[in-house]
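The values are calculated or read from the model by the stated rules, or taken from the named source; none is laboratory data. Please read these numbers as outputs of a predicted model, since none were measured by experiment. Neighbour counts run over all protein chains shown; Cβ positions are idealised from the backbone, glycine included.
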Amino acid sequence: MGPSSLRKQKRPKKEKGVSKKKPKEAKPSGASKPTPSSKARTPSTVSLSKWIPIEKNFPLPAYAKEAIASLTEAGFSAYLVGGAVRDFLLGLPIKDYDLATDATPDEVLSLFPSALGVGKAFGVMKIPQENGTMLEIATFREDAEYTDYRHPKSVRFAGPEEDARRRDFTVNGLFYDPKTRRILDAVDGFADLQAKKLRAIGDANARLKEDALRVLRAVRFSVRFGFTIEESTRVALREHARFTRKVSAERVRDEITLMLKGPQPGEAVVLLRELGIASLWIPDIAKVKSGVFAAMERDPSPRSTAFVYAVALSEVGGEEPEKAIQGAADRLRLSGEEKRRVMDLVGNLPKFKDAFQMREATLMRWVSEPYFDELLQLHAVVVQAGDGNLMAGRFLEKLRQDFLSSPPAERLVNGSDLIALGFSPGPQFTDILHTMEDLQIEKKILTKDGALEYVVKHFVR
Ligand code: ATP
Ligand code: MG
């Protein structure tokens, strides 16, 4: 992180809340959407907000600058929120620029006619940008009453402090006002950011119960930033791990996938196990040696979803490993294609030990499989955590390279040739084609005439 930028700040002064405007009610519509609350906003009495001046420049792309200008010129506030503010303060690259405002979704729409209202019921408008990204402009809101461990039943438009307090972790609850170059901190997130602490906003138990996906977000953020998890948040995480079962498996999978594809899969796995999340979602990961994840961390090549789950399931074992893999893949809602790839990878891993005994045609056929590059990658990380013997891997890697660099050879004998010789399709037909291919791969027969002669001699009666 960029601690200098954080340390440079003077001790923040305490100020009273800043929201002056009377909050407006959300008017969501549609059956599955949250229903508007009829209650008036409870006045903010919780903690005092701080305004913290920031010296360093917030890097803003032109589209974000323009959107902020449009909102402020129309008399609305426009703050950067969430991940962008956190990553800016940490000195990390900013992924997306989300804005929060006191303009209602309809007011946002009138300023930005191209805004998409998919999240309008929650006060979120998305504005497509020329570079393909979306700028999110969300109306300050508070969430009322969660019912399904994930979604609020209703939302109520509110002020920035309420909007900060509905967020998950203090370091994600900071607002940056580009006009005055100050951070609005209603949740003591700035101090936590400096102390590298991940802390739930408010009562950790209540916040995790509202939305159990936060359990996984906590793991992801703490690993990604090297933050320690504040004690009461950690206790609550352990307590609420089981509620992740109530969240859609796809969302859970996406979070776990991000962690396994990220730069510190090993730490993520340790934490997932420690908090009792791994045992619910991917228990077999506990059998994988920690050295495997350490080897993954050293390997800079990108990891596909199938690859990371093949690693996680590489020690699945048992009487019916295939069934176990299928079960795990289904629980995590992997796609059919990903599931097949995981099976290919895990299923083929034991074959490396036989590589030097295989006949050439079998080897060449094997290295031509589309999964083979990932299989080499998997073998490399598994071996590094074991006996470290990469001989078979290197040998096969060379064969794979030869296969990739040589144009595919045309078959010396094909189906029409066999039909011309009086054969008809069936098991023997396939067998002959296979044999002829083996002989061709092994360069025992080099010409078409030679191949046809061989067929006549060995198969025609
Ligand atoms: P990332 O860099 O991974 O995108 P992020 O913090 O920006 O991290 P987002 O999922 O993009 O995460 O969400 C943006 C902000 O919305 C968060 O910083 C947080 O303030 C709030 N938020 C997102 N998901 C939740 C949630 N499940 N519960 C409460 N607040 C959330
Ligand atoms: Mg984000």
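List every residue pair whose Cβ atoms lie under 9 Å apart, where the two residues are 6 or more positions apart in sequence or sit on different chains, the first residue falls within the range 73-101 and is on the phi > 0 side of the Ramachandran plot, and the second residue, located anywhere, is more than 7 Å from ligand 1 (Cβ to nearest atom) and outside any strand (DSSP E or B). Every condition considered, the pairs that remain are 75/103; 91/1; 91/2; 91/3; 91/4; 91/5; 91/6; 91/56.
Scanning the range 136-143 for any residue that is part of a loop (DSSP other than H, G, I, E, B), within 24 Å of the chain's Cα centre (by Cα) and either without any contact (Cβ under 8 Å) to a residue 40 or more places away in the chain or within 10 Å of ligand 1 (Cβ to nearest atom) (or both) turns up nothing.
For the range 112-135, the set of residues classified as in contact with a helix residue (DSSP H, G or I) (Cβ under 9 Å, 6 or more places away or on another chain), assigned to a strand (DSSP E or B), more than 21 Å from residue 174 (Cβ to Cβ) and not small (Gly, Ala, Ser) consists of 125, 127, listed by residue number.
If I ask for residues that are among the acidic types (Asp, Glu) and farther than 19 Å from residue 461 by Cα, which ones from the range 401-442 would you list?
If the condition is that a residue be among the acidic types (Asp, Glu) and farther than 19 Å from residue 461 by Cα, then 402, 410, 437, 438, 442 are the ones that fit.
Only one entry of 285, 325 meets the criterion of being more than 27 Å from residue 209 (Cα to Cα) and in a helix (DSSP H, G or I), and that entry is 325. For the range 306-320, the criterion of being without any contact (Cβ under 8 Å) to a residue 24 or more places away in the chain and not small (Gly, Ala, Ser) is met by at least one residue. Among the residues of the range 355-372, those that are among the small types (Gly, Ala, Ser) and in a helix (DSSP H, G or I) comprise 355, 361.
Screening residue 254 against (1) within 16 Å of ligand 2 (Cβ to nearest atom); (2) under 24 Å from residue 89 (Cα atoms) leaves a single unmet condition, (2).
Filter the range 328-354 for residues that are of a type in the set (A, V, I, L, M) and not in a helix (DSSP H, G or I) and give the result. Steps first, please.
Our first condition is that a residue be of a type in the set (A, V, I, L, M); within the range 328-354, this holds for 328-329, 332, 334, 342-343, 345-346, 349.
Result: 332, 334.
Within this structure, residue 403 passes the test of being in contact (Cβ under 8 Å) with a residue 24 or more places away in the chain and either among the hydrophobic types (A, V, I, L, M, F, W, C) or more than 18 Å from residue 443 (Cα to Cα) (or both). If the condition is being buried (at least 18 other Cβ atoms within 10 Å of the Cβ) and more than 10 Å from ligand 2 (Cβ to nearest atom), then the range 96-106 contributes 99, 100, 101, 102, 103, 104, 105.
Yes or no, residue by residue, for (1) small (Gly, Ala, Ser); (2) farther than 30 Å from residue 237 by Cβ; (3) not assigned by TED's automatic domain parsing to the domain that holds residue 223:
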residue: 76; (1), (2), (3): no, yes, yes
residue: 82; (1), (2), (3): yes, no, yes
residue: 89; (1), (2), (3): no, no, yes
residue: 96; (1), (2), (3): no, no, yes
residue: 101; (1), (2), (3): no, yes, yes
residue: 113; (1), (2), (3): no, yes, yes
residue: 122; (1), (2), (3): no, no, yes
residue: 145; (1), (2), (3): no, no, yes
residue: 165; (1), (2), (3): no, no, yes
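Here residue 446 does not fit the description of being surrounded by 14 or more Cβ atoms within 10 Å (Cβ to Cβ), at pLDDT below 95 and within 19 Å of residue 362 (Cα to Cα).
Taken together, 186, 191 contain a single residue that is farther than 21 Å from residue 91 by Cβ and not assigned by TED's automatic domain parsing to the domain that holds residue 268, which is 186.
With respect to the conditions (1) touching a Leu at 6+ places or on another chain (Cβ under 8 Å); (2) without any contact (Cβ under 8 Å) to a residue 60 or more places away in the chain; (3) closer than 30 Å to residue 154 by Cα, residue 278 falls short on a single one, namely (3). Scanning the range 166-192 for residues that are in contact with a Ser or Thr (Cβ under 8 Å, 6 or more places away or on another chain), part of a helix (DSSP H, G or I) and within 12 Å of ligand 1 (Cβ to nearest atom) yields a single hit, 189.
Among the candidates 82, 132, the residue that is within 13 Å of ligand 1 (Cβ to nearest atom) and either at pLDDT below 95 or within 32 Å of the chain's Cα centre (by Cα) (or both) is uniquely 82. For the range 70-95, a residue qualifies if it is within 16 Å of ligand 2 (Cβ to nearest atom) and loosely packed, with under 14 Cβ neighbours inside 10 Å, and the qualifying residues are 93, 95. Entry remark, the range 351-398: residues being exposed (fewer than 13 other Cβ atoms within 10 Å of the Cβ) and either small (Gly, Ala, Ser) or in the same structural domain as residue 307 (by TED's automatic domain parsing) (or both) number 2 in total.
Of the candidates 109, 60, the single residue that is in the same structural domain as residue 186 (by TED's automatic domain parsing), farther than 26 Å from residue 168 by Cα, more than 15 Å from ligand 2 (Cβ to nearest atom) and surrounded by 16 or more Cβ atoms within 10 Å (Cβ to Cβ) is 109. Do we find a residue being in contact (Cβ under 8 Å) with a residue 60 or more places away in the chain and either closer than 29 Å to residue 67 by Cα or not assigned by TED's automatic domain parsing to the domain that holds residue 100 (or both) anywhere in the range 221-228? Yes, the range 221-228 contains a residue that is in contact (Cβ under 8 Å) with a residue 60 or more places away in the chain and either closer than 29 Å to residue 67 by Cα or not assigned by TED's automatic domain parsing to the domain that holds residue 100 (or both).
Considering 219, 187, 235, which residue is more than 16 Å from ligand 2 (Cβ to nearest atom), surrounded by fewer than 20 Cβ atoms within 10 Å (Cβ to Cβ), at pLDDT 95 or above and among the β-branched types (Val, Ile, Thr)?
Checking each option against the conditions leaves just 235.
Just checking, does the range 138-156 include any residue being within 16 Å of ligand 2 (Cβ to nearest atom), crowded, with 20+ Cβ neighbours inside 10 Å, closer than 24 Å to residue 126 by Cβ and at pLDDT 95 or above? The answer is yes, given that some residue of the range 138-156 is within 16 Å of ligand 2 (Cβ to nearest atom), crowded, with 20+ Cβ neighbours inside 10 Å, closer than 24 Å to residue 126 by Cβ and at pLDDT 95 or above.
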